[in-house]
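Reviewing the structure listed below.
The values are calculated or read from the model by the stated rules, or taken from the named source; none is laboratory data. Here the structure is a predicted model, which means the values were calculated and not measured. We place every Cβ from the backbone using ideal geometry, glycine too, and count neighbours over all the protein chains shown.
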Amino acid sequence: MSNENFIGTYNLEHNICDDIINFYNAHKDYAKVGIISKEGVKTADNFFKESTDLGISAYHLYKPFDKYRTHLQSSLESYIDTYKEVNNYSKFNILEDYNIQHYPVGGGFKQWHFEASYKTTIRRVLVFMTYLNDVPDGGTHFKYQNLTTPAKKGSTIIWPSGFTHTHKGQISQTKEKYTVTGWWSLTNE
């Protein structure tokens, strides 16, 4: 991908993807209907987002998330090697719970949005998302980059959280999709 779009792509081992899906399936009784923030109020609305999300604590570093977080750190370091100005931010880290998301056939994040749009999310610096399975007709559309990242198993993408990277899901009418998504946010240090 071109450096001008500020979207980095990195590869996660497929066995870790399988381990995360297995973790989701073993704990799906704890998953909740996917929510969105409308004017700062969290709500479920299938018109905007149709998913089941399993929250993972930012501090959960046990299997399989130990290996996943190592992958994220390595990916972030590669991203910063390309976009050195990211180092000009104050300290940032994964502070919020992140989500394993299961999108049924026909489900997804259906409306344009960006990740730092409310006072509760404004501290987000970068977004990460990993596709856990192959979905040939499912990916992520980036509005201003005129780009769709394909949902390829093990593909982790990182991008800025602001309005320049407004995006929505490419809705698959043939396959369910699994992702992990979360944010690096400014710390209070």
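Among the conditions (1) surrounded by fewer than 21 Cβ atoms within 10 Å (Cβ to Cβ); (2) touching a residue at least 60 places away in the same chain (Cβ under 8 Å); (3) not small (Gly, Ala, Ser), Pro150 misses just one, which is (2).
Taken together, the criteria exclude Tyr144 from residues that are assigned to a helix (DSSP H, G or I) and touching a helix residue (DSSP H, G or I) at 6+ places or on another chain (Cβ under 8 Å).
In the range 80-109, what count of residues is obtained for those that are of a type in the set (Ser, Thr, Tyr), more than 15 Å from the chain's Cα centre (by Cα) and under 23 Å from Thr140 (Cβ atoms)?
So the count comes out to 2.
Is it the case that Arg69 is buried (at least 19 other Cβ atoms within 10 Å of the Cβ), within 16 Å of the chain's Cα centre (by Cα) and of a type in the set (Lys, Arg)? Answer is no for this residue.
For the range 115-141, which residues satisfy the criterion of being among the hydrophobic types (A, V, I, L, M, F, W, C), touching a Ser or Thr at 6+ places or on another chain (Cβ under 7 Å) and either surrounded by fewer than 17 Cβ atoms within 10 Å (Cβ to Cβ) or farther than 22 Å from Ser74 by Cα (or both)? Selection gives Ala116, Val135. For the range 153-185, a tally of residues being surrounded by fewer than 17 Cβ atoms within 10 Å (Cβ to Cβ) and either of a type in the set (Lys, Arg) or modelled with pLDDT under 95 (or both) returns 1. Within the range 162-176, can you find the residues that are out of contact with any Lys or Arg (no Cβ under 6 Å at 6 or more places or on another chain), in a loop (DSSP other than H, G, I, E, B) and farther than 11 Å from Pro136 by Cα? Residue satisfying the conditions is Gly162 alone. Quick check on Val86: is it crowded, with 18+ Cβ neighbours inside 10 Å and farther than 20 Å from Thr179 by Cα? Yes.
For the range 81-90, the tally of residues that are modelled with pLDDT of 95 or more and outside any helix (DSSP H, G or I) stands at 1. Scanning the range 32-80 for residues that are assigned to a helix (DSSP H, G or I) and either over 26 Å from Asn15 (Cβ atoms) or in contact with a Pro (Cβ under 8 Å, 6 or more places away or on another chain) (or both) returns a single hit, Ile80.
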